[in-house]
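See structure below.
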Amino acid sequence: MVADAWEWLRRKKPLGDAFFALPLLVLAMPSLVTGRHELGDSGTILLTLGLLAPLVLRRTFPRTVFATIALTSAVQCLVGVEPQLANVAVLMGLYTVTARNSFRWGVGAALVAELGALMVTFRYPNSADDRKYVFAMLTVVVAGVWLLGLHMRTRRAYLRSLEERAERLERERDNEVKVAMAAERARIARELHDVVAHNVSVIVVQADGAAYAIDTDVGRARQALDTISATGRLALAEMRRLLGVLRESDDAGVFAPQPGVAELDELVEHVRASGLPVAFEVDGTPEPMSEGRQLTVYRIVQEALTNTLKHGGPRAAVSVRLQYIGHALEIRVDDDGRGAAAPDDGQGHGIAGMRERVAVYGGSVYAAPRPGGGFGVLARIPVREEVGRPVNGAAPHSFI
């Protein structure tokens, strides 16, 4: 409660300054009542108010207030009026200018205050020893107030720098979170594209086959419908797993295993069941790979098979070959379908998604129609981080 009241008072500058000036006015009142005054009671009251009243605006207009108080004190000294308790306002003005303005203004205010100390020294004390003592005492007081204001100015500047740094770090943190969220959305979008495109393509192919066979071969039509049902369930399961990542209250999707190289056999069998002949072989000695790399290999093969299902034609066949060469894995998917003659609506993102996935691990992807017909996808992925990174988009080997 007290802290809140203090913070509120600090924000109300004139009211806060009046609060701090009030004790000085209260202390000056007894001297106004009982002391001897060269200007008379009314003149002394006016002088006191002239020195203390500007303090109400000392933080709002620090230089103007200090100049007003210093000028009033100078006139007081020139006409020979004895120093009053209200003259302490000069020191308050000096502190405010030093604490709230630049170093140059603080030095200037200190010199003005020191000039006032010199005027008081030669105007009021009688003996030379008194003058030395008064000048030394006033100089120490002026220097102390100036150093205090300088300290507060430095401290406030330091606190402002800390606040600015905290705000900058907070903005950077927010930007990093936004970038991470955008990257995660892009990753999930790629995953959804691969899952949906592949499974929907299988469903479409099977549905067309069932439509042709329903009148002539009920068994094949029933088999096609069973494949459609199984494919749909698989697609729903994968989509639930991916979308579960976006749900804070559902952690099942976070810990569900991602498909990898070991699941390629199942993928190939699933595509074969849709009616597309697929030859699958693995050459070389497999090396351990991270789950992210294995998922990338799986998605590249899945996307290549999906493209063959969509664009290869009714009598296309495809071969999938994984070859471990040194510390890299080469993925080659070739079909003998339409190739360059296949229609392209320009809406697909599969090949671009392949390149994005492989680029994360420093690999390369080359996808293009084959010279003898059909379409080929050739990708090369380092199985370890220390393997050199080839230029993305360059063909590891040619389609010969």
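Odds and ends about this structure:
- If you check Val97, Val112, Val107 for being aliphatic (A, V, I, L, M), farther than 28 Å from Phe19 by Cβ and in a helix (DSSP H, G or I), only one passes: Val107.
- So Thr64, is it surrounded by fewer than 23 Cβ atoms within 10 Å (Cβ to Cβ), under 44 Å from the mean Cα position of the chain (by Cα) and assigned to a loop (DSSP other than H, G, I, E, B): no
- Residues in the stretch 305-330 that are part of a loop (DSSP other than H, G, I, E, B), surrounded by fewer than 19 Cβ atoms within 10 Å (Cβ to Cβ) and hydrophobic (A, V, I, L, M, F, W, C): Ala317 only.
- Scanning the stretch 67-94 for residues that are farther than 16 Å from Ala109 by Cβ and either assigned to a helix (DSSP H, G or I) or not assigned by TED's automatic domain parsing to the domain that holds Leu115 (or both) returns Val75, Gln76, Cys77, Leu78, Leu85, Ala86.
Results for (1) among the aliphatic types (A, V, I, L, M); (2) at pLDDT 80 or above; (3) touching a strand residue (DSSP E or B) at 6+ places or on another chain (Cβ under 8 Å), shown as yes or no for each residue.
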| residue | (1), (2), (3) |
| --- | --- |
| Val360 | yes, no, no |
| Tyr366 | no, yes, yes |
| Ile381 | yes, yes, yes |
| Arg384 | no, no, no |
| Ala394 | yes, no, yes |
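- Qualifying residue in the stretch 28-37 (condition: within 60 Å of the chain's Cα centre (by Cα), at pLDDT 70 or above and in a helix (DSSP H, G or I)): no
- If the condition is being surrounded by fewer than 19 Cβ atoms within 10 Å (Cβ to Cβ), out of contact with any Leu (no Cβ under 9 Å at 6 or more places or on another chain) and under 26 Å from Arg315 (Cβ atoms), then the stretch 276-304 contributes Pro277, Ala279.
- Scanning the stretch 267-298 for residues that are without any contact (Cβ under 8 Å) to a residue 60 or more places away in the chain, outside any helix (DSSP H, G or I) and under 38 Å from the mean Cα position of the chain (by Cα) returns a single hit, Ser290.
- Applying the set (1) in contact with a Phe, Trp or Tyr (Cβ under 8 Å, 6 or more places away or on another chain); (2) more than 18 Å from Thr72 (Cα to Cα) to Gly93 leaves exactly one unmet item: (2).
- Selection from the stretch 308-326 of residues that are more than 20 Å from Ser274 (Cβ to Cβ) and at pLDDT below 85: Gly326
- Residue among Asp217, Asp130 that is over 30 Å from Gly312 (Cα atoms), among the acidic types (Asp, Glu), modelled with pLDDT of 75 or more and over 50 Å from the mean Cα position of the chain (by Cα): Asp130
The values are calculated or read from the model by the stated rules, or taken from the named source; none is laboratory data. Because the structure is predicted, anything quoted here is derived from the model rather than measured. So basically every Cβ, Gly included, is an ideal-geometry build from the backbone, and we count neighbours across all protein chains shown.
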